[in-house]
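**Student:** Below you will find the structure I want to go over with you.
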Amino acid sequence: MFEKAEELKKLFEEKSNQAAASQDVEQLRIEFLGKKGFVTGLMQELRNVPNEKKKEAGQKINELKQAIEAQIAEKLEEIKKIEEQKLIDATESYDETMPVSVDVGSYHPITLVRREVESIFLSMGFAVEDYSEITDDYNCFEALNIPKHHPARDMQDTYYLSTNQLLKTHTSAAQNTILRKYKSNLEQGNPIRAIFPGRCFRNEKIDACHENTFFQMEGIMVDKDISISNLIYFMKTMLSEVFQRDITVRLRPGFFPFVEPGFELDIQCLICGGEGCPSCKDSGWLELCPCGMIHPNVLTAAGIDPEEYTGFAFGLGMTRLAMMRYGVKDIRVFNSGNLKDLSQFTEKSFTNPENESKEA
Ligand code: FA5
């Protein structure tokens, strides 16, 4: 019995030295420790050992079993390390400097226009703010001087949620929050200047210039003595920077409960040159950027004294601006997800430089 245990120990060591993969070790485990394995067989032989030797023999078999278990664990650990190293070596043979054969991708045209407008306003000292797409009745309407049951609500067919919230119909919904956020500027003698782009949702009848999901960019400026001249200056600067050429605009009275006076700023349609086409609903003009002087009630709702401060606000239709900027005839292109159309507007410099140098 004792000699047999020693022989098995040696046999296991020999076989274990030859094992090169984890499957080999598993095979060994079954061969020695499995139900029909050598060690199990040895245990069964215990019953033939005389009583006075049984205890010692039992201990010997237990020691053998524990030694084999420990060696199996050690061997598995050793093999695992070797296999990991093999994987690392294989990975290192991958050449990460190899040129990629496809273009990286492209920005959505709305993103391009948004960035352009943002950088224009950033250079004029405006902060860029973000605001959620889900808001509530107070922020979207009441804080903007549009009480419940006011007919002006009909102009924006709203998606209400079952949570008493709603999808914001215009970026003006952030006015109250942003005015409150920057109110302390005024106390320190500085103006409030912020723009806040965002996605808006309305239950619209969709056509070449109307979407149910579109982008606007709101802008506000509040200080002492802000007037319509300031508003017109900023609108003119923004449009001439975006288009980099003379464009025809018109300013006409417009009604929005949150501004007084209010204006509609229209751009002459750049698709048809003002002759009339489906993109401008045959009018030759496209409503682009309504604006006006912030209503005293809106300032009051944000805790700003309208006797002391005045301000302007505008709501730029960014999706329509992108239509005019890139000559896109139909607004539906922007939400189409069609990469063939949408990838055309990205600057060449955004494509993979490796491929460009190959093409050159
Ligand atoms: C508003 O949304 C006001 N909140 C704008 C405003 C802000 C006025 C601050 C005064 C002061 P309006 O509903 O007209 O206004 O939308 C503003 C612009 O968003 C429109 O001129 C148009 O360019 C764009 N727009 C509106 N509805 C759609 C639509 N369904 N699809 C695409 N663009 C739209």
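**Student:** Please arrange 116, 142 by accessible surface area, largest first, computed with a 1.4 Å probe and ligands excluded.
**Tutor:** Values: 116 50, 142 75 Å².
Largest accessible area first, the list is 142, 116.
**Student:** Given a 1.4 Å probe and heavy atoms of the protein chains only, how would you sort 240, 16, largest accessible area at the top?
**Tutor:** Working: 240 60, 16 10 Å².
Descending order: 240, 16.
**Student:** Further question: Scan the chain and note any complete DSSP helix (H) whose C-alpha atoms cover at least 15 Å along its axis and whose Kyte-Doolittle average is 0.5 or more.
**Tutor:** Details: long enough: 2-18 (25 Å, -1.52); 22-33 (16 Å, -0.31); 51-92 (62 Å, -1.15); 109-123 (21 Å, 0.53); 175-187 (18 Å, -1.31); 228-243 (23 Å, 0.98).
Once both thresholds are applied, what remains is 109-123, 228-243.
**Student:** May I pose another question? Provide the per-residue ³J(HN,Hα) series for region 254-263, in order, calculated from phi with Karplus coefficients 6.51, -1.76, 1.60 and θ = phi - 60°, each as a whole number of Hz, with x at glycine and proline positions.
**Tutor:** Once rounded to whole Hz, the list reads x, 9, 9, x, 9, 9, 7, x, x, 9.
**Student:** Rounded to whole Hz and in sequence order, give me ³J(HN,Hα) for region 304-310 from the Karplus expression 6.51 cos²θ - 1.76 cosθ + 1.60, θ = phi - 60°, writing x for Gly and Pro.
**Tutor:** 10, 6, x, 6, 9, 10, 10
**Student:** While we're on this one: At 1.4 Å probe size, what's the solvent-accessible area of residue 128? Round to the nearest 10 Å².
**Tutor:** Approximately 60 Å² of residue 128 is accessible to the 1.4 Å probe.
**Student:** Right, here's the next one. Every cysteine in the chain with no other Cys Cβ under 4.7 Å from its Cβ, please list them in numeric order.
**Tutor:** Flagged as lacking a Cys partner: 140, 200, 209, 289, 291.
**Student:** Another question, then. Accessible area, 1.4 Å probe, largest first: how do 170, 149, 210 sort? Before the final figure, lay out the partial values.
**Tutor:** Working: 170 5, 149 170, 210 45 Å².
Per-residue accessible area, sorted high to low, gives 149, 210, 170.
**Student:** To the nearest whole percent, what portion of all C-alpha pairs in region 135-212 is separated by more than 22 angstrom? List each step's numbers first, then the result.
**Tutor:** Working: 1015 of 3003 pairs.
Counting pairs separated by more than 22 Å, the tail of P(r) holds 34 percent.
**Student:** Which residue fluctuates most in the GNM of the chain (Cα springs below 10 Å): 212, 190, 48?
**Tutor:** Most flexible of the set in this elastic network: 48.
**Student:** Could you size up the charge dipole of the chain around its Cα centre, putting +1 on the beta carbon of Lys and Arg and -1 on that of Asp and Glu, and report it in debye to the nearest 20?
**Tutor:** Numbers: 42 positive and 57 negative charges, 167 e Å.
Charge dipole, the chain, about its Cα centre: 800 debye, nearest 20.
**Student:** Here's a follow-up. For the chain, modelled as a GNM with alpha-carbon contacts under 10 angstrom, which of 174, 70, 301 fluctuates the most?
**Tutor:** 70
**Student:** Mind checking the alpha-carbon convex hull of region 240-292 and giving the volume per residue in Å³? List each step's numbers first, then the result.
**Tutor:** Numbers: hull volume 4.6 nm³, N = 53.
Per-residue hull volume (Cα only) is 86 Å³.
**Student:** Quick one: accessible area per residue over the chain, 1.4 Å probe, rounded to a whole number of Å²?
**Tutor:** Numbers: 20310 Å² over 360 residues.
Value returned for the chain: 56 Å² of accessible area per residue.
**Student:** OK, next. Given a 1.4 Å probe and the protein chains all in place, what does the accessible area of residue 154 round to, in Å² to the nearest 10?
**Tutor:** Rounded to the nearest 10, that gives 130 Å².
**Student:** Name the residue from 85, 170, 128 whose Cα lies farthest towards the positive end of the charge dipole of the chain, charges +1 on Cβ of Lys and Arg and -1 on Cβ of Asp and Glu.
**Tutor:** 85
**Student:** Restricting to DSSP H runs of at least four residues, report the calculated mean residue ellipticity at 222 nm for the chain, -39500 (n - 2.57) per run over all residues, nearest 500 deg cm²/dmol.
**Tutor:** Details: 12 runs with 153 residues, N = 360.
That comes out to -13500 deg cm²/dmol.
**Student:** Something else: With every protein chain left in place and a probe of 1.4 Å, what is the accessible surface of residue 115, to the nearest 10 Å²?
**Tutor:** Looks like 110 Å² after rounding.
**Student:** Please work out the C-alpha center-to-center distance from region 3-37 to region 254-289 and express it in whole Å.
**Tutor:** Computed from Cα coordinates, the inter-centre distance equals 86 Å.
**Student:** What lysines could a cross-link reach from residue 148, if we take a straight Cα to Cα line under 25 Å and drop same-chain neighbours fewer than 8 places away?
**Tutor:** Partners found: 168, 205.
**Student:** Moving to a separate point now. GNM, the chain, Cα, under 10 Å: largest mean-square fluctuation among 204, 52, 308?
**Tutor:** Ranking 204, 52, 308 by mean-square fluctuation puts 52 first.
**Student:** Something else: Tell me which lysines have Cα within less than 17 Å of residue 224's Cα, excluding those fewer than 8 residues away on the same chain?
**Tutor:** List returned: 183.
**Student:** Counting only protein heavy atoms, what percent of the accessible surface of region 123-180 is carbon or sulfur at a 1.4 Å probe?
**Tutor:** Numbers: 1460 of 2840 Å².
Carbon and sulfur: 51 percent of the exposed surface of region 123-180.
**Student:** Carbon-plus-sulfur fraction of the accessible area of region 237-288, 1.4 Å probe, in percent?
**Tutor:** 46 percent
**Student:** Could you work out, for the chain, what percent of all Cα-Cα pairs fall into each 20 Å distance bin, beginning at 0 Å and stopping at the bin that holds the largest distance?
**Tutor:** Histogram of Cα-Cα distances, whole percents per bin: 22, 33, 12, 16, 15, 2.
**Student:** Charges only on Cβ, +1 for Lys and Arg, -1 for Asp and Glu: so what's the dipole of region 214-360 about the Cα centre, in debye to the nearest 20? Could the numbers behind the result be given before it?
**Tutor:** Details: 13 positive and 20 negative charges, 111 e Å.
Taking the Cα centre of region 214-360 as origin, the dipole is about 540 debye.
**Student:** Taking H as built 1.01 Å from N, whose amide H comes closer than 5 Å to the amide H of residue 127, not counting residues under 5 places away?
**Tutor:** Residues meeting the amide H criterion: 193, 194, 195.
**Student:** Tell me the carbon and sulfur percent of the accessible area for region 1-84, rounded to whole percent, probe radius 1.4 Å. Mind dumping the intermediate values first?
**Tutor:** Working: 2870 of 5920 Å².
Its accessible area is 49 percent carbon and sulfur atoms.
The values are calculated or read from the model by the stated rules, or taken from the named source; none is laboratory data. Source: prediction; values computed, not measured. Don't worry about glycine lacking a Cβ; one is built from the backbone with ideal geometry, like all the others, and counts go over all protein chains shown. SASA here: full protein model, heavy atoms, side chains in, ligands and nucleic acids out. Shrake-Rupley method; radii C 1.70, N 1.55, O 1.52, S 1.80 Å.
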